Amino acid sequence: FQNEINEVPFFDIQLPYELALKIFQYLGKTELGRCAQVSRTWKVLAEDEVLWYRLCQQEGYLLDMSISDHSCWKLALKNCRARERTLKTNWKNRIGAVSQLQYELGRILCDVHSCDGVVIAGYTSGEVRLWDTRTWDYTAPILEPVHGPGDAGPQPHVSFVRINSSLAVAAYEDGTVSVWSLMFGREPIHRYQHNQRIQALALGSEGATVATASGFEVKVESPNDRGFWQTTETFEIQKLVNFLNLVPDVTGSPVTVAAAEDIVYLLKAEDPGKILHSVYGQPVTCLDVSAREAAFGVKTFGWLLNEPNQILLYNLETNQCLKKMGNSMGDFTCVNLQNSPPNMLVTGNKDRRVRVFDLRKSESLCSLYAHQLGVSAVQMDDWKIVSGGEEGLVCVWDQRMSTKLWEMHARHPVRHVWFNSHSLITANIPDDKTPRGASITDDDLTAYRKHRGVIYAYEFSVDQLAVESVLPICRSSYDEVTGYNYNIGLAVPYDNI
């Protein structure tokens, strides 16, 4: 047996342990389990930590760990797979905890954005708030604006908010843009001003680059090598910008994609006026950008019946149109390319349908009849789709089965949807920021609740359920931990008690 540890018997020959390990690295989990039953030596070989560490990495688990961080990688892989199955079951059966991100009386929600569970929200009072849903600590700090000598009156409304892993940005109605660092307190680290109202705001998914569009100008701001913020680029364009995105993972100077009515610009420092797409009379209705491609919806009119509304996919390196997808009479209202699986794209349309496209085939894999007033927000992963509608409905779908798993409803249109493996964040934002009777919303709780908008945070991870988020009528009297795993459907409205 001692000799076999160094020289492994392979049928009628003896191989060194390292060479046998190289052969075994081509086997999967099932084959390694079968090989472990052959002999003691093969069992030692099939349960080698190097093999199971590599399998764990290949399946996308514990990518930030080294091989010395676990004593048994076979058990670690088993636990990761069990947790993933539990999360999938919880998503499908709506088992978890749901909480509203609370805010002060009399504040109407203007815009919401999130990144890795951290949520930023802007209000008509001019306040900007942060929540970190990963800790279930919902005492939201207020990000302070910079008060100038003439800022004694009420603060302007917040137009747009954006957040990434290190920065938070807010644009106000008066053309002011404030940038906060998530590491250094509540005071802005940078502030700049536009002369006109801001039409669009973009923040890089990583790093520190902010782009804003106001009037016929697009301005890009970022810190220099010494950390001092400055205007990196200023671009003059011919039309008002509707959509603005920064291209992720760009080395060197930032690259911006701007959709201005019926023109899509690719704004680079070396080629400031580059037009990616332009067809007169066909305005762009939605836009999303990945590292190499841009996808946007194009609206056509009745005199072009031979070419209905479509999604166009452009390569940002060659500036060529790769695909034309969709064949819809309704306008495409939202598109998600950056967060979709490879070679996949999900869109929402005014014709009430959510469509998933395979970029290799230019055809829709599935079409889901979803929302009565049109789709307003959408995101997908490898098995599920979450969509939000103008009527306030959030729907979760099983993409492969093309079936609806469950839905939740709130009063206002769904303007923001974000999820990862274990949590979901949705925001219902009212279209009317100054509703009739707004003067009484500071005193009238009923009127305030009707117009305020709402942010929901769902948590599907069993070990992170917040018992406090369970309504008293739904709480279990059992002592067992499993007694607190209640169904989100019981929260609002009570669909089953």
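None of the figures in this text is laboratory data; all of them are computed from the coordinates on show. In this text the structure is predicted, and so the values were computed from the model without any measurement. Cβ sites come from the backbone with ideal geometry, for glycine too, and all protein chains shown count toward neighbours.
Label reach from V279 (point 7 Å along Cα→C-beta): in region 306-332, amide nitrogens under 16 Å belong to 306-315, 320-332. Sorted on the mean count of surrounding Cβ atoms within 10 Å across their residues, most packed first, peptides 117-125, 280-288, 62-70 read 117-125, 280-288, 62-70. Near Y192, the amide H atoms lying under 5 Å from its own belong to V177; only residues 5 or more places off or on other chains count, and H is placed 1.01 Å from N. In this structure the amide hydrogen of R292, modeled in the peptide plane, comes within under 5 Å of no amide hydrogen from residues 5 or more places off or on another chain. If R0 is 41 Å, the Cβ-Cβ spacing of E317 and E173 corresponds to a FRET efficiency of close to 0.65.
Extension gain for the segment M183 to S166, taken as residue separation times 0.36 nm less the Cα-Cα distance, is 5.4 nm to one decimal. Here's the picture: charge each Lys and Arg Cβ at +1 and each Asp and Glu Cβ at -1 in region 94-465, and of A410, A168, G207 the one pushed furthest to the positive end of that dipole is A410. Using a cutoff of 8 angstrom between alpha carbon atoms and counting only pairs six or more residues apart, the relative contact order for region 17-91 works out to 23 percent.
From largest to smallest, the equivalent ellipsoid semi-axes obtained for region 310-361 from the alpha-carbon gyration tensor read 19, 13, 9 Å. Here each label is just a point 7 Å from Cα along the line to Cβ, and for E363 and F216 those points are 4.6 nm apart. Restricted to Cα atoms, region 94-465 shows a radius of gyration and a Dmax of 20.3, 60 angstrom. Legend: translational diffusion of region 17-91 by Stokes-Einstein, Rh = Kirkwood radius over C-alpha pairs, 37 °C, 0.692 mPa s; D = 250 µm²/s.
The HN-Hα couplings worked out from phi for region 85-96 by the Karplus form 6.51 cos²θ - 1.76 cosθ + 1.60 (θ = phi - 60°) are 5, 5, 4, 5, 5, 5, 4, 5, 9, 6, 9, x Hz, whole numbers, x standing for Gly and Pro.
Across the options P154, I189, F228, the greatest Cα extent toward the positive end of the charge dipole of region 94-465 (unit charges at beta carbon of Lys, Arg, Asp, Glu) belongs to P154. Amide H contacts of E233 (H built 1.01 Å from N, in plane; Pro and chain starts excluded): V220 sit under 5 Å, all sequence-distant by 5 or more or on other chains. Label T30 and Y17 with points 7 Å out from Cα along Cα→Cβ: what is the distance between them in nm? That separation, rounded to one decimal, is 3.0 nm. Grab the beta carbon distance between S39 and S71, set R0 = 22 Å, and tell me the FRET efficiency rounded to 0.05. Between S39 and S71 the formula returns 0.40.
Stretching the chain fully between R134 and R226 yields a gain of 29.9 nm (0.36 nm per residue, less the alpha carbon separation). Region 54-125 and region 359-426 have Cα centres spaced 18 Å apart.
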